[in-house]
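Take a look at the structure set out below.
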Amino acid sequence: AVRGIVATAQAQGASILAEGVRKQADLQRLRALGVSQACGEFVGRALSPLELGAWLQNDAHIKALFAGLPPLADDRGQRRSPQV
């Protein structure tokens, strides 16, 4: 079933993210099928909101992604700067 889903996504030109990867063997099988992105317990454990915030503030790649972007609007329409 996974092989067919991956083949269909590749034929459509879609990017593929495998969720729920728990073992290295699973990741290796997915990579052999052409899946380049994965998440799950093997890749990294889930972060609490506080841990995620700290990671976002300290990650240079994330900071580079947001560099030069205009401020965001919050749910009340107030403009604010990204907190990264």
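Of all residues in the range 1-36, how many are of a type in the set (Gly, Ala, Ser), assigned to a helix (DSSP H, G or I) and out of contact with any Leu (no Cβ under 9 Å at 6 or more places or on another chain)?
Adding up the residues that qualify gives 5.
Collect the residues in the range 21-67 that are open to solvent by 80 Å² or more (accessible area, probe 1.4 Å), among the hydrophobic types (A, V, I, L, M, F, W, C) and within 24 Å of Thr8 (Cα to Cα), keeping them in residue-number order.
Within the range 21-67, Ala32 is the sole residue that qualifies.
So which residues in the range 31-71 are within 30 Å of Ala7 (Cα to Cα), within 16 Å of the chain's Cα centre (by Cα) and in contact (Cβ under 8 Å) with a residue 24 or more places away in the chain?
Within the range 31-71, Val35 is the sole residue that qualifies.
If we scan the range 50-65, do we find a residue that is at pLDDT below 85 and in a loop (DSSP other than H, G, I, E, B)?
Scanning the range 50-65, I find at least one residue that is at pLDDT below 85 and in a loop (DSSP other than H, G, I, E, B), so the answer is yes.
Residues being more than 25 Å from Ala46 (Cα to Cα) and either surrounded by 11 or more Cβ atoms within 10 Å (Cβ to Cβ) or in contact (Cβ under 8 Å) with a residue 24 or more places away in the chain (or both): count how many of those fall in the range 9-20.
Final tally of qualifying residues: 2.
The values are calculated or read from the model by the stated rules, or taken from the named source; none is laboratory data. Remember, it's a predicted structure, so these values are computed and weren't measured experimentally. Glycine gets a Cβ as well: all are built from the backbone with ideal geometry, and neighbour counts include every protein chain shown. Remember, those area values only see protein heavy atoms, side chains included, never the ligands or the DNA or RNA. Shrake-Rupley method; radii C 1.70, N 1.55, O 1.52, S 1.80 Å.
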